[in-house]
Amino acid sequence: MITLNLLQRLFPRTKTTTLESYIKPLNDVCGNFAINTNERIAMFLAQVGHESGGLSVIEENLNYRAERLGVVFPKYFKDVNVADYANKPEKIANRVYANRMGNGPESSGDGFKFRGRGLIQRTGKNNYSSSIIW
């Protein structure tokens, strides 16, 4: 069972009120998906904790400087002027997530619309249409 005490020990920098808001939903998910052993709970909390910055970030930022775009997303920014994308999260998302995970082309806006969200940072149109909420 996930308790406030456990979450505070795992995510000490996260506000208590934030952690409290996740106790019931996390326990519900654990019950619904057979996350019912100490090992499974530990792995689940490690993953959601990592993806969400300790349960504190629930929307992908994507605000990168030009110098970082080629480092973080080298595949997508080697043949374009990175300055055109720098510090433009919507434009970055639309490029990086275009034509995959059920998203349309860069011009469709799907990349930003279906960017990472939630504790598990669900990304892509196909994943958003799934019934799983995490």
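The values are calculated or read from the model by the stated rules, or taken from the named source; none is laboratory data. Just so it is clear, the model here is predicted, and its values are computed rather than measured. Heads up, the Cβs are rebuilt from the backbone with ideal geometry, glycines too, and the neighbour counts pull from every protein chain shown. SASA here: full protein model, heavy atoms, side chains in, ligands and nucleic acids out. Shrake-Rupley method; radii C 1.70, N 1.55, O 1.52, S 1.80 Å.
Of all residues in segment 90-119, which are small (G, A, S), in contact (Cβ under 8 Å) with a residue 24 or more places away in the chain and on the phi > 0 side of the Ramachandran plot?
Those that are small (G, A, S), in contact (Cβ under 8 Å) with a residue 24 or more places away in the chain and on the phi > 0 side of the Ramachandran plot: G102, G118.
Would you check which residues across segment 57-75 are assigned to a loop (DSSP other than H, G, I, E, B) and open to solvent by less than 50 Å² (accessible area, probe 1.4 Å) and list them?
E60, L62, F73
Across segment 7-21, which residue is nearest to the chain's Cα centre (by Cα) among those that are open to solvent by less than 40 Å² (accessible area, probe 1.4 Å) and within 18 Å of R40 (Cα to Cα)?
F11
Okay, residues lined up against (1) open to solvent by 20 Å² or more (accessible area, probe 1.4 Å); (2) under 30 Å from K24 (Cα atoms); (3) part of a helix (DSSP H, G or I); (4) modelled with pLDDT of 95 or more:
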{"site": "L55", "(1), (2), (3), (4)": "no, yes, no, yes"}
{"site": "A83", "(1), (2), (3), (4)": "yes, no, yes, yes"}
{"site": "N103", "(1), (2), (3), (4)": "no, no, no, yes"}
{"site": "R115", "(1), (2), (3), (4)": "no, yes, no, yes"}
{"site": "I120", "(1), (2), (3), (4)": "yes, yes, no, no"}
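State which residue pairs qualify: first residue assigned to a loop (DSSP other than H, G, I, E, B) and inside segment 28-53, second residue not β-branched (V, I, T) in any location, beta carbons under 6 Å apart, and separation of 6 or more residues or different chains.
As it stands, the answer is I35/F44; S52/L119, since those pairs meet every condition given.
Looking only at residues that are within 25 Å of G49 (Cβ to Cβ) and of a type in the set (G, A, S) in segment 76-132, which one is nearest to the chain's Cα centre (by Cα)?
Among those residues, the one meeting the criterion is G116.
State whether one or more residues within segment 30-50 are closer than 17 Å to G116 by Cα and open to solvent by 40 Å² or more (accessible area, probe 1.4 Å).
Checking segment 30-50: at least one residue is closer than 17 Å to G116 by Cα and open to solvent by 40 Å² or more (accessible area, probe 1.4 Å).
Look at F11 and say whether it is closer than 23 Å to T123 by Cα and among the aromatic types (F, W, Y).
no
Residues to consider are L19, L4, L45, L26; find the one that is out of contact with any Phe, Trp or Tyr (no Cβ under 7 Å at 6 or more places or on another chain), at pLDDT 95 or above and farther than 16 Å from Q121 by Cβ.
Going through L19, L4, L45, L26 in turn, just one is out of contact with any Phe, Trp or Tyr (no Cβ under 7 Å at 6 or more places or on another chain), at pLDDT 95 or above and farther than 16 Å from Q121 by Cβ: L4.
Does N99 satisfy being open to solvent by 70 Å² or more (accessible area, probe 1.4 Å) and part of a helix (DSSP H, G or I)?
Spelling it out, it is not the case that N99 is open to solvent by 70 Å² or more (accessible area, probe 1.4 Å) and part of a helix (DSSP H, G or I).
Quick check on my filter: what residues within segment 57-67 are in contact with a strand residue (DSSP E or B) (Cβ under 9 Å, 6 or more places away or on another chain) and either among the charged types (D, E, K, R) or at pLDDT 95 or above (or both)?
Within segment 57-67, E59, E60 qualify.
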